[in-house]
1. Being closer than 17 Å to residue 396 by Cα, within 11 Å of the ligand (Cβ to nearest atom) and at pLDDT below 95 is the requirement here; does residue 250 meet it?
2. Of all residues in segment 289-305, which are touching a residue at least 60 places away in the same chain (Cβ under 8 Å) and under 28 Å from residue 362 (Cβ atoms)?
3. Any chance segment 396-409 includes a residue that's farther than 17 Å from residue 13 by Cα, assigned to a helix (DSSP H, G or I) and either in contact (Cβ under 8 Å) with a residue 12 or more places away in the chain or out of contact with any strand residue (DSSP E or B) (no Cβ under 9 Å at 6 or more places or on another chain) (or both)?
4. State yes or no: is residue 297 touching a strand residue (DSSP E or B) at 6+ places or on another chain (Cβ under 8 Å) and surrounded by 17 or more Cβ atoms within 10 Å (Cβ to Cβ)?
5. Looking at segment 224-236, which of the residues that are assigned to a loop (DSSP other than H, G, I, E, B) and crowded, with 23+ Cβ neighbours inside 10 Å is farthest from the ligand (Cβ to nearest atom)?
6. Would it be correct to say that residue 239 is in contact (Cβ under 8 Å) with a residue 24 or more places away in the chain, crowded, with 22+ Cβ neighbours inside 10 Å, in contact with a helix residue (DSSP H, G or I) (Cβ under 9 Å, 6 or more places away or on another chain) and in a strand (DSSP E or B)?
7. I want to confirm something. Restricting to segment 304-326 and keeping residues that are more than 17 Å from residue 354 (Cα to Cα) and outside any helix (DSSP H, G or I), which single residue is farthest from the chain's Cα centre (by Cα)?
8. Just to be sure I understand, how many residues within segment 340-356 are assigned to a loop (DSSP other than H, G, I, E, B) and near the ligand (Cβ under 9 Å from one of its atoms)?
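The values are calculated or read from the model by the stated rules, or taken from the named source; none is laboratory data. If you're wondering where the values come from, they're calculated on a predicted model, not measured in any experiment. No Cβ is skipped: glycine too gets one built from the backbone with ideal geometry, and neighbour counts run over all protein chains shown.
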Ligand SMILES: Cc1cc2nc3c(=O)[nH]c(=O)nc-3n(C[C@H](O)[C@H](O)[C@H](O)COP(=O)(O)O)c2cc1C
């Protein structure tokens, strides 16, 4: 058994109801419609905690997705992906108070907010949760998001990633502006904080870098676990530099193995131990008590996708002209014609690879896109899905999985009921009821790795 296989799997549960990857989620009778209630998220977080998941992850975008003409009608009328997005930090704050162990994965874009605002929000949640925050670093992709944030157009990818490098650097500096021992609270001596152990951020103050210090003592993790899903070469360079958890959405086992190898190599070249990266493959599992049970669940999900809505949503996603779409055409040609529409090269490469391999027509692509966004979707008994996930781990294709549920909470319940016990049996997850291996999320994820920043001595700057 390889070194990788001996490490427990990392499990991340993606939660973004009701207009999520499975396009008909909000129409399916088994979906809970109460997704505007805090208790909905708390119940899911407790389920994930029981099921040995490491992180409850909330994706985010800052706009209702538009079509080629800048219209949001299709998305809204059809309940297309992203029609609704709750603010991740707000939801995860509610979850923090009602749970004890689950990691809280919040998506926050680096393209619009000042680093100080990001640092204070993440530090607050890290305090309130006792060190359980993970930051999914995204750079946003669309003009619609830019306009909502007061900017005319989204910047080109190279500029967005260059800004992301600066923003992450500043956020980490701000979050580490208090030494771990700076908060004294000595009531007798009248000393609240040791000002010699609270630092301004290092200069120079070009490009509006916040001087700090942060108006909060150092949080339990120092800074959140860093998550990222770079798929383009520049995105992977960014992940290799910063990320501790990386999401990959590639074409099957081989595609994921290739991306994981590249990420690990890039991390090594960047001077990191490749084991610091936990590469997690996105999957949309359909689990049942038996193969027949799972197959009938899959059929019930598929029955809720109608071709007309699927085509409309593909046309919207790829910014195509509805009148010009020919459903029998090869999907690869359609994708090539609309290259760049999603703002994500890596995602479009993955779509093209699957469509080429499967010889998909535009109609096939539309239906699969609405079902699972072409994410691998293992369907079967808990044992058969667990076997498949172990195979991926043993083949070096993944250190863990981002489980994207078709419907909520049902698909996660099925995973926890059927797949998790089989993963535990195979030694890939800690036993049920096992105490947490450490108090913070970072320590639990990477017990054998010294957390970033912790091994560097604190160097106070001169206070003004
Ligand atoms: C599992 C998964 C979750 C993602 N979640 C988000 C998200 O919440 N918000 C977002 O803007 N992008 C999200 N992305 C997209 C990535 O941030 C990134 O833009 C994409 O992987 C393309 O990489 P690139 O920017 O290097 O081309 C996600 C990607 C994956 C694979």
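1. Here the answer is yes, as residue 250 does meet what is asked.
2. If the condition is that a residue be touching a residue at least 60 places away in the same chain (Cβ under 8 Å) and under 28 Å from residue 362 (Cβ atoms), then 295, 297, 298, 300, 301, 302, 304, 305 are the ones that fit.
3. The answer is no, given that none of the residues of segment 396-409 is farther than 17 Å from residue 13 by Cα, assigned to a helix (DSSP H, G or I) and either in contact (Cβ under 8 Å) with a residue 12 or more places away in the chain or out of contact with any strand residue (DSSP E or B) (no Cβ under 9 Å at 6 or more places or on another chain) (or both).
4. yes
5. So, considering only residues that are assigned to a loop (DSSP other than H, G, I, E, B) and crowded, with 23+ Cβ neighbours inside 10 Å, the one farthest from the ligand (Cβ to nearest atom) is 224.
6. When the stated conditions are applied, residue 239 does not pass them.
7. Among those residues, the one meeting the criterion is 326.
8. Qualifying residue count for the region: 3.
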